[in-house]
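Asks: Below is one structure. I have some questions about it.
What follows draws every value from the coordinates through simple rules; no lab data is involved. Treat the numbers as computed from the prediction; the structure is a model and nothing was measured. All Cβ positions, glycine included, derive from the backbone under ideal geometry; neighbour counts span all protein chains shown.
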Amino acid sequence: MAPYLDVYLMLHVSYVAFQALFMAYVRMKQTPEDFDYAQRFGERLERAYLLAKSEGVTDETFADSIGVKRSALKKYLLGTSTPSLRTVVLAKRKYQISVPYGETKLGAILEKNKGKVARPTVQLRLPFSLDVAHPEKFDVQLKQVRPAKYELRISSKQISADRLNKESA
């Protein structure tokens with residue numbers, strides 16, 4: 001292999017390693033408490049995983065049951081990745097896995113909120129008024145775009161110049 005190719009490969013590998021480390025740092029700074037939590041969660045998840053495997057559950061099915069892909073499941077089982085809140089809640093509901101994070105116990109939080117109906121929240125209230133001399137010139141519609149999302153449409157209508165002159169006289 002040519003010497004310049006060795007240097008290129010070494011630089012490229014170094015750049016890739018640097019990029020991976022940098023992206024991991026930028027995404028989220030993890031504390032020792034995060035790493036400890038990931039380790040303990042992984043240990044408890046592994047118990048549930050091994051039990052499920054003995055009952056014939058596939059990796060794919062087990063991963064789906066906690067809302068992740070197989071690659072993420074492997075990271076959680078090894079304790080090398082901190083699960084999302086969604087994953088933690090699904091693991092608690094499906095496999096009764098409850099790992100305290102520091103002084104916070106997830107089980108107590110979930111039990112306290114069990115049975116409560118989530119109230120819809122208002123995302124945006126925008127005071128709006130339209131003062132016009134000729135309200136018939138405007139058409140206002142509230143159109144549903146998809147469930148729980150609406151679009152306010154305000155369009156002006158064309159009025160002939162003759163009609164406009166008659167109204168202003």
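Asks: 7 Å from Cα along Cα→Cβ at both residue 151 and residue 34: what's the point-to-point distance in nm?
Replies: 3.9
Asks: For residue 85 and residue 139, what does the FRET efficiency come to when R0 = 41 Å and r is the distance between their Cβ atoms, rounded to the nearest 0.05?
Replies: About 0.40, to the nearest 0.05.
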